[in-house]
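Quick notes on the structure that follows.
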Amino acid sequence: MPGAELPALPVSDRAVRDRHLLALPADVLGEEVEALALSRFTAAGWDADAAAGLARTTAGGRGARGSGTARGSGTARVLRLSRHSRLVGPYALGQGGAAALGLPPSSATAFVVETPTERGAPPYPGGDRDGLKRAFPAGMPIRDEERVVHWLVAAARRLGGAIRVGGTGVVLVPDPHALIDLTIFTDAWLEPEQALGVMQRVTPRARLAMDAVPWGGPPAGTGERSLVERLGGTGVPALDEQELWSLHTQADAYDIAALSQPEERTGYGVLTSLEVDGLLALEVSWGEPAPFVLRGVDWAQQGVVAYRVRWAPPDFEELELERPSFAHKVARGRVQPLVSALTRELHAVVGGEITDASEFLVHPAHL
């Protein structure tokens, strides 16, 4: 962290090696880590009682005297995430520190993660995009540890960092380019034709995806037996003819009332075929709860309009692989500028806030 005189991380300390570590490049500021924590945790914030936290983190509390100053003090700080979890740092990894812990050479600083060890069942087979199944083969994190570990992965991906799993020493280096989807949350609604026009500025072949799906009728066997026959032997009392007539009358009245009202559209989609690179989709929905990161924004309190810009690759399974194929990466690299361009165009029209796939805020200038 530029300009800061940081305490060295005691890499040989068993207490440090038994905890998760968040390793970051030299140009990442503590304030950036705090911003990401505030995007996910209600109780996030710097703890003024830094010395107490450090004393419990390192063996014997060596060097654990802190004042809670932000930078340049030669002390680490405590960044609280939740009631039970927090980060202590940043520490300088020093020459050879990253290598000793198996971290990438770009790792210059690290936070020690204090969180309860809470494990559940072993991971299910299947995709492992973030490498968590590889890191926790005996039992996946649950409860507070699960929330913290998922945030660590998201933060490392956003900041170009890495995670070292406590105890096993497994190192996870999330690919910053793995997730290219973006979402705009706003209070402005575009009609389908308007959104189509915006998307066609970026991909002229875009089309509305609003065709109704033909109904194939009720499942086979429906209506072949009476209600009395179907309830026989179940212990559920059968309805008499008067009760059945009343239910049908109420159902008919409800259907007529619903069909007599104008259709209220709550969502739609716009698609562009990218041929060998898959599909670019714009999914629009109205009335969604605001994401946590917008909890203090006035216009978002009664629900938001979400404009999700998504990439659908030719092989969906590649999205869940920790190491996808070269062809997938090439296609993703070609589509990413389109995702950013479409998001910029939409944001210029509807305003609001942009988030990445982890629901961290993204400034339009950074697209």
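Some observations on this one:
- At least 2 residues being at pLDDT below 55, buried (at least 20 other Cβ atoms within 10 Å of the Cβ) and among the aliphatic types (A, V, I, L, M) is the threshold, and among the helices (runs of 4 or more DSSP H) wholly inside segment 1-63 those reaching it are 50-57.
- The residues in segment 248-266 that are over 26 Å from residue 283 (Cα atoms) and among the aliphatic types (A, V, I, L, M) can be counted, and the count is 4.
- Where residue 359 falls short, out of the listed (1) touching a residue at least 12 places away in the same chain (Cβ under 8 Å); (2) on the phi < 0 side of the Ramachandran plot; (3) assigned to a loop (DSSP other than H, G, I, E, B): (2)
- Every pair of residues 6+ apart whose Cβ atoms lie under 7 Å, when the first sits in segment 107-131 and is not assigned by TED's automatic domain parsing to the domain that holds residue 28 while the second is of a type in the set (S, T, N, Q): none
- For segment 319-351, the tally of residues that are at pLDDT below 95 and under 24 Å from residue 199 (Cβ atoms) stands at 1.
- For segment 146-157, the set of residues classified as crowded, with 22+ Cβ neighbours inside 10 Å and among the charged types (D, E, K, R) consists of 157 only.
- Residues in segment 271-299 that are in a helix (DSSP H, G or I) and either at negative phi or within 20 Å of the chain's Cα centre (by Cα) (or both): 276, 277, 292, 293, 294, 298, 299.
- The listed residues are 254, 268, and the only one of them that is surrounded by 14 or more Cβ atoms within 10 Å (Cβ to Cβ) and either of a type in the set (Phe, Trp, Tyr) or outside any loop (DSSP other than H, G, I, E, B) (or both) turns out to be 268.
- Residue in segment 165-181 that is over 24 Å from the mean Cα position of the chain (by Cα) and not polar (S, T, N, Q) present: yes
- Test: residue in segment 114-127 that is of a type outside the set (Lys, Arg), surrounded by 22 or more Cβ atoms within 10 Å (Cβ to Cβ) and within 18 Å of residue 20 (Cβ to Cβ): yes
- Qualifying residue in segment 353-361 (condition: aliphatic (A, V, I, L, M), crowded, with 20+ Cβ neighbours inside 10 Å and closer than 27 Å to residue 37 by Cα): yes
- You will find that of 336, 302, the residue that is surrounded by fewer than 17 Cβ atoms within 10 Å (Cβ to Cβ) and part of a loop (DSSP other than H, G, I, E, B) is 302 and no other.
- For residue 141, the stated conditions do not hold, so it cannot be described as surrounded by fewer than 18 Cβ atoms within 10 Å (Cβ to Cβ) and either modelled with pLDDT of 90 or more or under 23 Å from residue 167 (Cα atoms) (or both).
- For residue 281, the requirement of being at pLDDT below 95 and closer than 28 Å to residue 195 by Cα is not met.
- Selection status of residue 195, among the aliphatic types (A, V, I, L, M), under 17 Å from the mean Cα position of the chain (by Cα) and part of a helix (DSSP H, G or I): no
The values are calculated or read from the model by the stated rules, or taken from the named source; none is laboratory data. As the structure is a computational prediction, the values presented were derived from the model and not from experiment. Glycine also receives a Cβ, built like all others from the backbone with ideal geometry; neighbour counts cover every protein chain displayed.
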